[in-house]
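Have a look at the structure below before the remarks.
The values are calculated or read from the model by the stated rules, or taken from the named source; none is laboratory data. This one's a predicted model, so the numbers in the text were calculated from it and none came from an experiment. Positions of Cβ are backbone-derived with ideal geometry, glycine not excepted, and every protein chain shown enters the neighbour counts.
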Amino acid sequence: MIKWRKARQSDGQGGACVEVARFPDAVAVRDSKNPDGPNLLLTPHTFQTILNNLKH
């Protein structure tokens, strides 16, 4: 079973949120409003790079 998590900053009001799931060699990302829709699969390094860029 895949364990999806919402961001800590999620407002809980059904807003624009993403969910992530960790795997040994990947991080999956999906739209929380469309859990059956497409997922984006990233390497941990790429995911961390995206997070770092979003903080700036």
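For the range 23-56, enumerate the residues that are charged (D, E, K, R) and in contact with a Lys or Arg (Cβ under 8 Å, 6 or more places away or on another chain). Step through it out loud before you land on a result.
Restricting attention to the range 23-56, the residues satisfying the condition of being charged (D, E, K, R) are 25, 30-31, 33, 36, 55.
None - no residue of the range 23-56 is charged (D, E, K, R) and in contact with a Lys or Arg (Cβ under 8 Å, 6 or more places away or on another chain), so the list stays empty.
How about the range 9-19: which of its residues are closer than 21 Å to residue 54 by Cβ and either part of a loop (DSSP other than H, G, I, E, B) or modelled with pLDDT of 95 or more (or both)? 9, 10, 11, 12, 13, 15, 16, 17, listed by residue number.
Do you know which residues across the range 21-54 are aliphatic (A, V, I, L, M) and either touching a helix residue (DSSP H, G or I) at 6+ places or on another chain (Cβ under 6 Å) or not in a strand (DSSP E or B) (or both)? Quick ask: steps written out before the conclusion?
Applying the first criterion (aliphatic (A, V, I, L, M)) to the range 21-54 yields 21, 26-29, 40-42, 50-51, 54.
Passing the criteria: 27, 50, 51, 54.
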